[in-house]
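This report refers to the structure that appears directly beneath it.
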Amino acid sequence: MSWMGGWFDPELEDLFHDEPELLETAQRVRAARPAVEPDPRFQNRLRAQLVAEAASGRGARGVRRWWRLGPAHFAWGGTLVGAALITATVLTFVSNHTVDRTVTAFSQLSAQHSVSPNQVITVAFNQPMNEQAVEAGVHIQPAIKVSFSWKNNDLVISPAYHLSANTPYIVTIAQTAIKALSGASAAADINIAFGTAPTPPPGPVAPPSLNPIALGSNGTGGSLLYAPYGSLFSTVGLLPQSATASPSPTVAGAPSTPSANPTSTPEGGSSQAPDVPGGLVEYPSSGTPSSFGSSPSAAAFSPNGGRYLALAIDDGNSGSRIITERSDDGRQRVTLIDSPTPVTALTWASSDRIVYTDGTTINSVDVSKAVALLYTVPAGSGTITALAAGGSYAYIAPSSGTDGSLLDVLRGTEQVLKGAAGDVSFSGDGATVAWIDESVHPARLLTETVGQNAPAVLPMPDSTASPSDVVLDGKGNEAAYISTDSSGIAELVVAQLPSGTPLAIESPSNATQLTLSAGGDQVAFISNSAGGAAIEQATVPGANPNVSGPQIPPGANQTLQRFVQAQVGHGGQPDFVALEALSAAGVNAAAITPPDLSRAYVISTYLVPQGVGASIELIVDPNAGHTTARVALETVMLAAGDTGYVVTSVVPSPLRDESAGPHVVQVSPSTSGGVTTLKVSFDSDLNPSTVAAAISVLTESGSTLPSTAVYNPDTRTATVTIANAPSGTLILNIASTLADFEGQTLASSFSTKVGASS
Amino acid sequence: MTLPRAYEDQLVERAKQDADAFGELYDHYFGQIYRFVFSRLRDQEAAEDVTSEVFFKALRAIGRYKPSGHPFSAWLYQISVNAINDHYRSRKPTSSLDSAIAVADPSRPVDDRVVDSAEAARVWAAIDDLPPQQRAAMTLKLGEDLKLAQIGEILGKSEGAVKLLIHRGMIGVRLRLGIVVAVEEQR
């Protein structure tokens, strides 16, 4: 059997069976095939032209590349998962039969599936226009404040803040306003429809440094991980001798690998007493490091929160013992299973079930000690080196070469991660994966939503540098990586996803084992120097403050995201197979999913006694038969099943035409210092004076909680602050008096449940 | 990723009348076709021109398309092969065998030279220098990982004929890269 970089072609193997030198050449020719990245602008432009020509019905008649549409017609492109509607790139209006009196308008945003929220809207006319008249006729839905400028015959519409992410827009210029200086006028309105990418707002232009502080010394190898409550843990931490004067009885065994460092202290100074191995060591944000037990080969915090961990420790017999250890209120250690082979990674699939791997197999064990074999890697097919939180996906590193693969554990199917050779990183919710594509030079950083097979290149500040050591935060909103330029100088970069905008750049000493906190507000790493290995941590500028939200189990979040994707499906059809696989018996999600969905997103999630609840917005983009976007609100319930979280209930509202007023896009709760805040994002520029009075927060039993609401026009977000909110589910109400800056009000009062933790 | 055959057939039927469906076909096959065209031309501007030509030809002809038991992509590749040949007929390729061989480092083991990514362009330049049918077969097999039967459908050849084209193409590449000479010398 012939392999080259994971490639094997049985047909060529057969063809060149007796001529191995030809097979060798074939393998090497294939390995040298060029990496091709089409220009997305070309791809989009060509698509628009094709779709418009197809829509005009002239495809078969040989008319190409330029087309005319009748008045008030839209030509719509196909709908993609999470993508926007597309209208004709060129709209031509003929007011009479002379060329001089033909007004042609062209928009660069048309046919764009995923417009950057930072984009300006340009409408190019074919002749000088009555600028004031045209500007007066512009209307944008959702309503956003804009300014106008002209470059020759091009109208440039600049949003005062930015476009909202993941939102369908329609720019309309009234027919009565389309007046050329020549006297030509249009026969119909101009309608430019496009959609925006789910891109977060950009970070600072000149990223600041990180200013890390040393937390302590580290042994050799091991890993760092953040606890949900903010402490940093090292699996091979070292402790100052003073901290071990009265040894903790839980330091059951010292790791064999760490080398005691006689010079490093948490303050980075000198010490007479050498540090000693502390095993799994907790470094609180303030206070003294303390040992949490012997060094594990793998560790993961429970989604239930607190000091509740699953650990894989050496069983003294060449295998691993998987235990759970809780120390919130006295120490409770439970042995779940002895694995005859060393466990290299583990994660919580739900609040009572752990998925683990020894590199060759993936197994699960629950707190009742029931075990199951989930997957076995075929011999010689690579090694499982990482599990996504929730355990639905895993990474299989290749035996040689590049093109490691992403394994869908439940389906047993693999998807190549282009150019992946080393480890990959999953976000804390298991929904995003990042890796280094080493098949090109310089290597590049790719990310994708797991299971979507649509990698995106993460732009780096230095495009000629090589990335390495990538890690993601809890929700895949941030990445940290090492960027090494051609002269070998390495920098640690913390950047936003998917834009790649750097939040901070630092030049630590030989940094390894990068780790981001769940909220992306802290980054930790090991700084290696001649003096030893130091654990360093820094606050990420511009990231969210250190807050905790409701602990939605990663497995539930994964199932929810996949369910929503499956509802949108492809080509207007839900993914029936996926919906069935993700739903509990008796739940026929496909039957009640509205047809022709274009996009969907999760507005809010919350914990319920049976599991997790979520509010979903389902959207059908406009099309030729229905020129208004239609929306439905959906409530989804999930509960832990035998193989992970499944959807137990789906209740969508009927589709209705999207109203002209503002809409709620997302509600994100967080709690810090006893204060709960709800960040409520809107798609429109609001009238600030209507915000506070329209928003109220209730307990689940209906009691109104004292709250304040402050509107930030730059982010279109209202921050609702509730002091001493009870833990659990809250109800956010927004009255229909809330209005955008044009005076359009919420079509009807809005209400959603959100989870809060105190 | 291949579309399920039944779904693809249904989509193609819809694409004869429905712009959205054609757009969906485009979304699915654009990457493959562009990659194939680029592999053959190795020039972005030319690849964009030819890719445009392929999809406009497909749009104009899709009304006459009848499923033949092969994937829709086979039909698109067929159009691509013709469009690329048209392009070559109107414009001479810029790479030459001489330039491919001239820069090879004779002091290194010959097969190792091919591995070096810096030589990737020369390897594919050697493929460009093959006769058109061999070139197409080699590109579809080693650039696109297609099955011999699919390549046969695209080129209008039997599977056996495709094997012959690839066999001859491989020998041609080795000759053009000087590998055969070196192997003979080592023996």
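The values are calculated or read from the model by the stated rules, or taken from the named source; none is laboratory data. Since the structure is predicted, the reported quantities are computational estimates derived from the model, not experimental observations. Reconstructed Cβ throughout: ideal geometry from the backbone, glycine too, with neighbour counts over all protein chains shown.
Things to note:
- Of all residues in segment A:652-673, at least one satisfies being over 20 Å from residue A:607 (Cα atoms), of a type in the set (Asp, Glu) and surrounded by fewer than 15 Cβ atoms within 10 Å (Cβ to Cβ).
- Among strands (runs of 3 or more DSSP E) entirely within segment A:635-693, having at least 2 residues that are farther than 21 Å from residue A:553 by Cα, in contact (Cβ under 8 Å) with a residue 12 or more places away in the chain and polar (S, T, N, Q) singles out no element at all.
- Total residues in segment A:155-173 satisfying the condition of being surrounded by fewer than 16 Cβ atoms within 10 Å (Cβ to Cβ) and assigned to a strand (DSSP E or B): the figure is 2.
Residues are listed down the side, and each one gets a yes or a no for (1) crowded, with 24+ Cβ neighbours inside 10 Å; (2) within 20 Å of residue A:23 (Cβ to Cβ); (3) at the interface with chain A (Cβ under 10 Å from one of its Cβ atoms):
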| residue | (1), (2), (3) |
| --- | --- |
| B:124 | yes, yes, yes |
| B:127 | yes, yes, yes |
| B:136 | yes, no, no |
| B:139 | yes, yes, yes |
| B:142 | yes, yes, yes |
| B:147 | no, yes, yes |
| B:152 | no, no, no |
| B:155 | no, no, no |
| B:160 | no, yes, no |
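- Residue check for residue A:280: more than 33 Å from the chain's Cα centre (by Cα), assigned by TED's automatic domain parsing to the domain that holds residue A:359, modelled with pLDDT of 85 or more and crowded, with 23+ Cβ neighbours inside 10 Å: no
- Residue in segment A:169-179 that is under 17 Å from residue A:119 (Cβ atoms) and either touching a Phe, Trp or Tyr at 6+ places or on another chain (Cβ under 7 Å) or in the same structural domain as residue A:618 (by TED's automatic domain parsing) (or both) present: yes
- Condition check for residue B:30 on (1) within 14 Å of chain A (Cβ to nearest Cβ); (2) at pLDDT below 90; (3) part of a helix (DSSP H, G or I): one failure, at (2).
- Only one of B:11, B:59 that is closer than 16 Å to residue B:82 by Cβ, at the interface with another protein chain (Cβ under 9 Å from one of its Cβ atoms) and either free of Cβ contacts under 8 Å to residues at least 60 places away in the same chain or not hydroxyl-bearing (Ser, Thr, Tyr) (or both): B:59
For every residue, the table says whether it meets (1) assigned to a loop (DSSP other than H, G, I, E, B); (2) among the polar types (S, T, N, Q); (3) crowded, with 21+ Cβ neighbours inside 10 Å.
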{"position": "A:462", "(1), (2), (3)": "yes, no, no"}
{"position": "A:471", "(1), (2), (3)": "no, no, yes"}
{"position": "A:476", "(1), (2), (3)": "yes, no, yes"}
{"position": "A:505", "(1), (2), (3)": "no, no, no"}
{"position": "A:514", "(1), (2), (3)": "no, no, yes"}
{"position": "A:520", "(1), (2), (3)": "yes, no, yes"}
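- Scanning segment A:728-744 for residues that are at pLDDT 90 or above and of a type in the set (Ser, Thr, Tyr) yields A:736, A:737.
- Segment A:1-41, residues that are small (Gly, Ala, Ser) and at pLDDT below 80: A:2, A:5, A:6, A:31, A:32, A:35
Residue-by-condition table, conditions (1) within 7 Å of chain B (Cβ to nearest Cβ); (2) farther than 30 Å from residue A:109 by Cα:
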residue	(1), (2)
A:11	yes, yes
A:18	no, yes
A:24	yes, yes
A:33	yes, yes
A:36	yes, no
A:51	yes, no
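- Filter pass, residue B:35 being at the interface with chain A (Cβ under 9 Å from one of its Cβ atoms), surrounded by fewer than 24 Cβ atoms within 10 Å (Cβ to Cβ) and touching a residue at least 24 places away in the same chain (Cβ under 8 Å): yes
- Exactly one residue out of A:686, A:698, A:732 is outside the structural domain of residue A:603 (by TED's automatic domain parsing) and surrounded by fewer than 19 Cβ atoms within 10 Å (Cβ to Cβ), and it is A:698.
- Those residues of segment A:280-308 which are touching a Leu at 6+ places or on another chain (Cβ under 8 Å) and within 23 Å of residue A:755 (Cβ to Cβ), in sequence order: A:300, A:301, A:302
- Failed item in (1) more than 24 Å from residue A:347 (Cβ to Cβ); (2) of a type in the set (Asp, Glu); (3) modelled with pLDDT of 85 or more, with residue A:521 passing the rest: (1)
- Residue list for segment B:132-151, restricted to those being assigned to a loop (DSSP other than H, G, I, E, B) and in contact (Cβ under 8 Å) with a residue 40 or more places away in the chain: B:144, B:146
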